[in-house]
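First the structure, in the form of structure tokens, and then the observations on it.
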Amino acid sequence: MVGRYQVYPEYKDSGIEWLDDLPKHWDVKKLKFLAKIHPSNVDKKTKKGELPVFLCNYTDVYYNDTVNKSMHFMKASATEEQINKFTLRTADIIITKDSEDPNDIAIPTFVPENMEGVVCGYHLSMIRANIIAYGAYIKRIFESGYARAYFATRANGLTRYGLGTYALENIFYPKPPEKEAVAIANFLNYETAKIDTLIEKQQQLIKLLKEKRQAVISHAVTKGLNPDAPMKDSGVEWLGELPKHWGIKRFKTLFKIKKRIAGALGYDVLSITQKGMKIKDIESGEGQLAMNYSNYQLVHKGDFAMNQMDLLTGFVDVSKFEGVTSPDYRVFILENQKSSSDYYLYFLQMGYINKLFFPFGQGAAHIGRWRLPKEAFNQFLAPFPPEIEQKDIARYIKVKLKKMNKLEKIAMKAINLMKEKRTALISAAVTGKIDVRNWQPPKQAVQSDQTQTNKEKSL
């Protein structure tokens, strides 16, 4: 990383283990001497139309990427004094102060002009640089590998991880002269923008692969593999037309629900996730745990199990394990002898992804516990191709998904490498491992920016 760039002529020992050496003319300061840190206590309520509140940063589990859940218009439960104190200004920095995942702690968002006047919401801390010019530099320090490692060791908690104000205020930061801090921020803005563009392209590829995966499964399990097959009206609204020689059956004629309580401990506990069924690690103490797993229901290899309590984020899979799962889940077997387990697994998973079960659900609201009752499950109508076609469709889907999964893994690997490069570049710049005092953006980039500015002015 350093080889591509110039280094400073002289360095000194920073005196701080995680900072290593710094340029000789730089200082080391605690963050509280560079900025004011305010943990927000502005709560929110569900009544809309009152106040724009910045709610949270979070990490998207699919892309493993930080995204902003910007602002929502909510009625804030706060005094006028609190609202005034936590009203954001351009160049403020917002970080997550507590989260279910310690890796989400202290991820910074730099407040842009279009968010000025929004109130910083609960679970966040607002950081305001004493000298505005240092704001962008401080934000980049939060993104450095050094700072991320520090915050990971300071986050604590049981069900949620929190980062206290003391830990934030008393972290030591390198403090370059103001002019250099601005130069470092400008350099990183330019260089990371290029990396971010490449990451975004890979993320778009993953998104397209996900959409294609869903389309391949949906079309194959409902229309078959022969594009020239005569079609007929299925009589089922969501299904539309299907091959003329296919039948339609209710789930109650295909599946048989099993409810077998274990009555003893010692079984592997199975969890149903959107990536499939897995054995739950109950030794670590992380996640939701039960007091007594003997009340859980048995699951045998080859059994279907679905989280029918949550039609929004739940899923369904065929078990590869012997174990137990929640008594609130639905465990069932494929009873029809002329059916393929693989075909109906793809169909059921498509039902979750495309929310086919959702209109038949029940619950207090269309969020959280929107469940599929037993009677609705039994009465649900599904295509019934000849068994040989079911197997052919399942094999076709498996081959297609294998190719797409391979492409997705390549894209994810590229994203991870670019993120590592991004973090390494930021870490090197903010700790003075590279000298960017004389750095200037390429002329082509300046001309491009000026052209864009002229276009905007002409609109």
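Just so you know, all these numbers are worked out from the coordinates, no wet-lab data involved. It should be emphasised that the depicted structure is a prediction, and the values quoted were computed from it without experimental measurement. For neighbour counting, all protein chains shown are included, and Cβ atoms are generated from backbone atoms with ideal geometry for every residue, glycine included.
Filter the trypsin sites (Lys or Arg not before Pro) in the range 289-364 to those in DSSP coil with at most 14 other Cβ atoms within 10 Å of their Cβ, and list the result.
Lys301, Lys320, Lys338, Lys355
For the range 163-294, report the translational diffusion coefficient in µm²/s to the nearest whole number, using Stokes-Einstein at 25 °C, 0.890 mPa s, and a Kirkwood Rh over Cα pairs.
108
Around Ala181, with a cut-off of 13 angstrom between Cβ atoms, what is the net charge of the other residues, counting Lys and Arg +1 and Asp and Glu -1?
Summing Lys/Arg as +1 and Asp/Glu as -1 gives +3.
5 Å is the cut-off here: which amide hydrogens, built 1.01 Å from N in the peptide plane, fall below it relative to Tyr161, excluding neighbours closer than 5 in sequence?
Under 5 Å from the amide H of Tyr161 lie the amide H atoms of Ser99, Glu100, Asp101, each far enough along the sequence or on another chain.
Please give the length that would be gained between Ala133 and Asp196 if that part of the chain were fully extended, namely 0.36 nm times their separation in residues minus their C-alpha to C-alpha distance (nm, one decimal).
Stretched out fully, the Ala133 to Asp196 stretch lengthens by 20.4 nm.
For the pair Asn103 and Lys24, what calculated FRET efficiency results from E = 1/(1 + (r/R0)^6), where r is the Cβ-Cβ distance and R0 = 30 Å, to the nearest 0.05?
So, using R0 = 30 Å, E works out to roughly 0.30.
As an exercise, use a Förster radius of 51 Å and the Cβ-Cβ distance of Glu10 and Lys419 to find the FRET efficiency, rounded to the nearest 0.05.
The pair Glu10/Lys419 has a calculated efficiency of 0.95.
Just need the Rg to Rh number for the range 300-369, please, alpha carbons only, Kirkwood Rh.
0.98
Once the piece of chain linking Thr273 and Glu113 is laid out straight, how much longer is it, given 0.36 nm per residue of separation minus the C-alpha distance between them? Intermediate results must be reported in sequence, preceding the final value.
On the way: separation 160, 0.36 × 160 = 57.60 nm, distance 3.94 nm.
Extra length from Thr273 to Glu113 when fully extended: 53.7 nm.
Based only on the alpha carbon positions, what is the Kirkwood hydrodynamic radius of the range 247-384, in angstrom? Show your work: numbers first, answer last.
Values: mean 1/r = 0.0648 Å⁻¹.
Result for the range 247-384, one decimal place: 15.4 Å.
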